[in-house]
Each structure stands twice: as C-alpha cells, then as structure tokens.
Amino acid sequence: MAGIGIKLTKIFGKETITTNLIGFGYSTMVTVAPMFVIIGNILLMSYFLRFDITGYHGRNLFAATILYIFIFSLLSASPYNAVISRYLSDVIYDETYDDILPCYYTGLAVTIGTACLFGIPFCIWERIVGKVAMYYVFTGFCGYIALVLVFYSMLYLSICKDYSKISLFFFTGMLAAFLLSFLFVKGWHFEVSYGMLLALTIGFALTAIMEMATIRRYFQRNNNSYKKVLGYFKRYWKLIAINFCYTLGLYIHNFVFWHTKLQMVVVKSFIMAPTYDVATCIAMFTNISATVIFIARIEMYFHERYKAYSEAVTGGRWMDVQNTKNRMFRQLSTELMNLVRLQFIISVVIFLLMLIFLPRFGFAGLVLQIYPSLAAGYFILFVMYSEIILLYYYNDLNGAVLTSAIFCLVTFLVSIFATRLSAIWYGLGVIVGSLTGFVIAYLRLRWVERHLDEHIFCRGVLFPTKLSKKPPALVYDRNKLSAKQGEDEKAMS
C-alpha cells in the first residue's frame, strides 16, 4: 500500500494534534472503513426496520446467513490475493499492462470456482435438509458470491492506489441497500429478515459492479496471456498457503466452539455459537486499529529505509549497503515496538470502555467473561500479522508459511483444550496460537537480518540450466590433437 505513504507523510509531517487526528482518520478510511460501513448499515437497518421484534426463527436465520457469508467469502477470496498481488507488482514493474486483464479474469475464475465448490453443496443441504425456502437460499448464495467479487476486485483498486474509491463504492452500495430495505419492507411488505438480506445482496452486487467497471476503465487492452498467470499460481503456491492458514486461523477457534455447549443450530444447517462469536467480534474491534497504525507507520518510515537499502544494493558501495541495511533493521525494530506501545494503550482504553458500556446494550454475562482473553489474543495476533507482512518484504516465504501454519494449528489444538476450561479462558487458543506465531515470525526476521547479504547477493544463477543429453566425459584427447597438428603441418608444406 505504498500509494498512501506520500499523503500520510504530508499530513503527519506538520506534527500537530489536528493533523495527527486527520492522518488517523485518513488511514482508517482507506483501510478498515469498508467493514465499518457494512456493519453500521446492518445496525441501522435493524434499528429502523424494528428487526428486534420480528420472529425468533427469522432473526436467527438472517444472523446465521450473514455470518456465513462474511466468513466463507473471506476464506474463498483471500488465499489467492497474495499471488495476484505479486503478479501485478511484476507486471507494473515491467510495464506490460496488457497482462493485467488476463490476470483479472483468471483470478476471477479461480476465486469464483473455489467459492462455488463450497457454497453450492451447502445451499443444496440448506434447501433439502433445512427446508429453507428456495428464494431465501438463492438470495443468500447470490450475496455470498457478490461479496467474494467485492473482496477480489478490491485488490486491483488497491494496486491502482484508489483507496478512496473503495470506500466510496462501499458507502454507495450500502446506502442503496439501506434505501432498498425500506422499499422492500415498508413498500412491498417483504418479511423483515428477507428484505434486509435481499437489500444487502443488491448492495454487495452494486459495489462489485462499480469496482469491476473501474478496473475495466483503467485496463482496456488484453493480450490473452492466461497461461502466464496460471504459472504464477504454481510458482508461488506458498503465498496461497500463507493467506489461507492465516485467514483460517482467524476463525478456526470459532469453529471449535461451534461444537460445544455454546452451540446453536439453525434450520439443521447453520452451526454457530452466538455468545462466543459476539465476543470475538468485539475483541477484533478492540484491536483493529493496529492495522491502521502499522500501515501508517510502515508507509511513512520503514518504506523509505527499505527503498534506500534497495537503491544501495543496485548502485552503491559495499559500505552504503551495510549502513542502509543496519538503519533499515533498526527502523524495523522501532516500528514493531511503537506498534506494540500504541496499540496497547488504545486496546486498554477501548477495553475499559467496552466493560462500561456493553452491559447497557445487552452484552453482559457470558460475553463479557469470554471477551478479555479474546481481546488479549487479538492484540498479539495483529502484531504477528505485521511481522508476516515484513517477511513478505524480504521474500521469506518459508518463514511466513511456517508462521501462519503453526499459528493456525496451535490455535486449533489449544482451543480444543480451552473448551474444557472456565469461560474466562475460552480465548486461550487465540492467545497461545498468536504468541507462538509471533515468536516464530520474530526469530525468522532475526534470521533474515543475519543472512540478508547471502539472500541478496548469492541466489542468482551464473550459468543457465536446461534439460538435454549429458555431454561426454572426455574433455581432452592428446593423441587426436597431435594427429590433427601433423595433418595441418603436411597441408601447409
């Protein structure tokens, strides 16, 4: 996200309280604002349409459908984003912009195919076993696919540095959904839960259409080099594994608690644990500012040191290379420590506010017992993800794979153990898993620091390799050479 670095530097450069607030607001707008817009729209629709007084069955079915749409759209779209981002970065560096549309269409087919692979069987199960109306099942599936398209197309707009348009498209789509929900419920007298679901589906689809139209306007030429894109999926399969393991690790502890005494089954199809899921959502919001802080500080400070080191490698003296490397890693250490300090202060303040105000909105009892451990776990988790991003900077895919895979596995195993403990320790899986991943990522960064010269200067190929017939073992034959010299002397005489 190098595109916001210049803007943030200008904002924060004045070093006043007002500009700091403006910079934080701008960072929020281009990073996490879309998520807040969607959640805020759902809350507003629920309030004005009196969702709380609708039938118990309708409320639970709507909540379960929205929960599954969000979780599994992220699981379907996120694994391929890193590979596509890598391909687009190479294309932009080579200035072969005709390769972007083939990448878009290929990635779109792979992402939608993956989404349908899991979505269609579940919808069939929901219809046959759950006896849910066909129109409701179809609308939920369309909302799921539309949100997958939204998440997928966001990547290309981020590459184009159109972060403000992403927020604008989300706001427009959710505003349309809000107005349509009134039309469906008040005007056409749809059932409230279905009217809200249909409105959100149309809002997601409108957002996806605006994103796709913008991408087509930016990139109009297509050289049809689809095979080249598929080669990147094979070559950088580790990026797929990293993103999948990390995203799965975000929710795998929820999947564990979906099968405990907290379980709620809706229409024999949807399984969830409302109290644990709500506590997870609140804990994530408590620490979501870590993403904003990390992006802002990396863009303003670390990226410049990284750029200086890269320039020294390509055209500087050995002394310049060593000096810029040392400054770069000092800055890296400083930014990680600053992230931990700032986020700790913010998390503590939000945590105290949550403890004060949540009971007034009906979130008390078991939710507040589960919340503290999850809040601590997500605090470590977002710091761990920052380290994974830094490993991307140094192309240490092995370290990133190891970090995300062990994070996911440890979170899963410890969460199973935590189900036997009291409610206050239910978030132990997230804490231990995130802490383990954090330690591994930190050790890998130290390893990269010690071996960076080897990584930069000793991984090239001096002689091209190819598959062919083995050459003969005989390199020099003295007798043949003597005979040839004699023939040459006779010829000259």
Practice task
Would you check if Tyr246 is at pLDDT 85 or above and crowded, with 19+ Cβ neighbours inside 10 Å?
Solution key: yes
With the first residue restricted to the range 245-270 and required to be in contact (Cβ under 8 Å) with a residue 12 or more places away in the chain and aromatic (Phe, Trp, Tyr), and the second required to be assigned to a loop (DSSP other than H, G, I, E, B) and open to solvent by less than 10 Å² (accessible area, probe 1.4 Å), Cβ contacts under 6 Å at 6 or more apart or on different chains are Phe257/Ala273; Trp258/Ala273
When Asn223 is run through (1) more than 15 Å from Phe151 (Cβ to Cβ); (2) in a helix (DSSP H, G or I); (3) open to solvent by 30 Å² or more (accessible area, probe 1.4 Å), the failure sits at (2)
Those residues of the range 204-243 which are small (Gly, Ala, Ser) and within 17 Å of Pro102 (Cβ to Cβ) amount to Ser225, Gly231
Exercise. Among the residues of the range 353-369, is there at least one that is open to solvent by less than 60 Å² (accessible area, probe 1.4 Å), among the hydrophobic types (A, V, I, L, M, F, W, C), over 24 Å from Gly429 (Cα atoms) and in contact with a Ser or Thr (Cβ under 7 Å, 6 or more places away or on another chain)?
Worked result: no
Note to self: Quick check on Val132: is it open to solvent by less than 40 Å² (accessible area, probe 1.4 Å) and touching a Ser or Thr at 6+ places or on another chain (Cβ under 6 Å)?
What the structure shows: no
With criteria (1) of a type in the set (Phe, Trp, Tyr); (2) part of a loop (DSSP other than H, G, I, E, B); (3) open to solvent by less than 60 Å² (accessible area, probe 1.4 Å), Phe190 comes up short on (3)
Among residues of the range 135-163 being part of a helix (DSSP H, G or I) and open to solvent by 60 Å² or more (accessible area, probe 1.4 Å), the residue nearest to Ile240 (Cα to Cα) is Phe138
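Conditions (1) open to solvent by 40 Å² or more (accessible area, probe 1.4 Å); (2) farther than 18 Å from Gly203 by Cα; (3) of a type in the set (Gly, Ala, Ser), marked per residue:
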| position | (1), (2), (3) |
| --- | --- |
| Ile42 | no, no, no |
| Ser46 | no, no, yes |
| Ile53 | yes, yes, no |
| Thr65 | no, no, no |
| Ser76 | no, yes, yes |
| Asn81 | no, yes, no |
| Ile92 | yes, yes, no |
| Thr96 | yes, yes, no |
In the set Ile356, Ile350, Ile380, Ile370, the lone residue that is among the β-branched types (Val, Ile, Thr) and more than 16 Å from Ala279 (Cα to Cα) is Ile380
Expected output for the range 163-189 (first residue farther than 18 Å from Gly40 by Cβ, partner modelled with pLDDT under 90 and of a type in the set (D, E, K, R), Cβ below 6 Å, 6+ apart or cross-chain) is none
Here the residues within the range 112-129 that are under 25 Å from Pro34 (Cβ atoms) and surrounded by 22 or more Cβ atoms within 10 Å (Cβ to Cβ) are Ala115
Taking first residues from the range 377-391 that are within 14 Å of Gly427 (Cβ to Cβ) and second residues anywhere that are open to solvent by less than 10 Å² (accessible area, probe 1.4 Å), the pairs with Cβ under 6 Å that are 6 or more apart or on different chains are Gly377/Gly427; Gly377/Val430; Gly377/Ser434; Tyr378/Ala283; Tyr378/Asn287; Phe379/Asn287; Ile380/Ser434; Leu381/Ser434
Residue pairs within 6 Å by beta carbon, gap of at least six or interchain, first lying in the range 301-317 and open to solvent by less than 50 Å² (accessible area, probe 1.4 Å), second of a type in the set (Lys, Arg) and part of a helix (DSSP H, G or I), listed first then second, are Tyr309/Lys325
Note: among Ala405, Ala376, Ala400, just one is surrounded by fewer than 23 Cβ atoms within 10 Å (Cβ to Cβ) and within 18 Å of the chain's Cα centre (by Cα), namely Ala405
Contact list, first residue from the range 113-125 and under 19 Å from Ser78 (Cβ atoms), second anywhere and at pLDDT below 90 and not in a helix (DSSP H, G or I), beta-carbon distance below 9 Å, six or more apart or interchain, is Phe122/Ser269
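The values are calculated or read from the model by the stated rules, or taken from the named source; none is laboratory data. Note that the coordinates shown come from a computational prediction; the quantities given were computed from them, not determined experimentally. Reconstructed Cβ throughout: ideal geometry from the backbone, glycine too, with neighbour counts over all protein chains shown. In case anyone asks, the SASA skips ligands and DNA or RNA and just uses the protein heavy atoms, side chains included. Shrake-Rupley method; radii C 1.70, N 1.55, O 1.52, S 1.80 Å.
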